[in-house]
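To start, the structure itself, in structure tokens.
We did not get these values from a lab; they are worked out from the coordinates using the rules stated. All values derive from a computational prediction rather than experimental measurement. We place every Cβ from the backbone using ideal geometry, glycine too, and count neighbours over all the protein chains shown.
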């Protein structure tokens, strides 16, 4: 049963990959730009946009790699497509199953990190990967950054697929655009609206394309900071995932996320800009509400008499403390509660209790513990305190509640 499920999932993945019609196509600057950036950003010798076919891994873009493709059975990327998180191999030579890979044995590859290229249907098409000839560590922040770059690659794949479909025929293009749930548009450098699909009309509150085309984006400043964006766009050729603000018909702002490319004639003159956009008003409203709630909770925490303290287990640092705790430990005369997060647990806990505290923190689910806290100056009297409950995980944060004894 598991083999059947795996085979069915793999067939769906391959179908999704081939729908992009990108295998065995010539190099494209939009993808090469990402691999160059990844290599420079992480200081590695090799990087690639790797697409995993049935029995091979084909490189749409490669930096520092000579072969256009390699067998799938000896490719790190083949393993990476079975998950949706970044695969990191700090030292391939130290892992038995990788030692005989040609890349390890012949090319001397030691380090690998690959971020999955996740299509809108959640199929993993391949990876954006970086490689080096020496072992290295890769932090969680590095993983997030590589994953962000992989999203840019998927954006490029999506833009390329849309552009390819547009080139096939104007009839197919019109059907695709008119029925697209996201906005698709073409505009001229001087601000004229050459084309906009129904999704954009609905987004901005216009009854017809003709009504929208009577407006001028440049003259009426209908898009926030368009002139600066236009300069960046023409320099780069295309911009993916740009967030901006458009003005609706009634004048209210509409936050959007858009990906756009420049279309030029044979002489390099700009003909128009084309791209897709989506309304992110709900996401922005949610972010504002979340910030408001966090601010409200902080104000509440500052007023309670209990001692509240939030500690990040991953970074081993203080994230939050309320005024009551800061005052108790002598943070005053301009230092204030905002300086307390600069102190780690080692600075706050009395030296004689630090070993017990470290063991308690490591367990993350132990019952409460009584400790002595050290004052801000590091010397003088100490105060006894106790955790309000077991240390708990809340996202990536552990929560301590302290009460004076």
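Here the stretch 169-279 yields Rg over Rh of 0.94, to two decimals, using C-alpha coordinates and the Kirkwood radius. Expressed as a fraction of 2.2 N^0.38 Å, the value expected for a compact globular protein of N residues, the C-alpha radius of gyration of the stretch 2-154 is 0.97. Computed from the C-beta positions of residue 207 and residue 288, the FRET efficiency with R₀ = 30 Å rounds to 0.50.
Size of the stretch 176-239 from its Cα atoms: along the principal axes, largest to smallest, the extents are 32, 25, 17 Å. For the pair the stretch 14-93 and the stretch 181-253, the centres of their Cα atoms are 34 angstrom apart.
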